[in-house]
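Undergrad: Let me begin by handing over the structure; questions about it come next.
The values are calculated or read from the model by the stated rules, or taken from the named source; none is laboratory data. Everything numeric in this text was worked out from a predicted model, so none of it was measured. All Cβ positions, glycine included, derive from the backbone under ideal geometry; neighbour counts span all protein chains shown.
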Amino acid sequence: MALSEEERRVLDEMERQLRASSSDVVTVPLSRRVNATAAVLGVIIVIAGIGILLAGIVTGLTPLGVAGFVAMVTGVLVALKRDDSAPTAPRAPRTPTAPTASRIEDRWDKRMGGDL
């Protein structure tokens, strides 16, 4: 379905406003980044744990299977370890905010009014 000239103009204006708005960009806080080395090491430990678990199943040695399971859990914990060496961003004190729906409506009104 073809758009009318007015619809194209409105759509182009909305796209320009969205691109210009830097407040809509989502960034990952520095405190939530994962250590890449720990992630790779954790994956290797999980793979080794699967091998140990399968060896325990094949040989019928329950302690070996349990050790494989423990190794897999440890690998997951290592892989999800946060990077403590990265600087953390200081947190601003939280201020009470309006309900989500009203905030979205306010932002929309500002955009349409050209205040943003």
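Undergrad: Which members of segment 59-74 meet the condition of being in a helix (DSSP H, G or I), of a type outside the set (A, V, I, L, M, F, W, C) and more than 15 Å from Ile44 (Cα to Cα)?
TA: Thr59, Thr62, Pro63, Gly65
Undergrad: Determine which single condition Leu77 fails, assuming it passes every other condition in (1) surrounded by 11 or more Cβ atoms within 10 Å (Cβ to Cβ); (2) at pLDDT below 80.
TA: Going through the list (1) surrounded by 11 or more Cβ atoms within 10 Å (Cβ to Cβ); (2) at pLDDT below 80, Leu77 breaks only (2).
Undergrad: Would you point out which residue out of Ile45, Ile57 is surrounded by 15 or more Cβ atoms within 10 Å (Cβ to Cβ), modelled with pLDDT of 80 or more and of a type in the set (A, V, I, L, M)?
TA: Ile45
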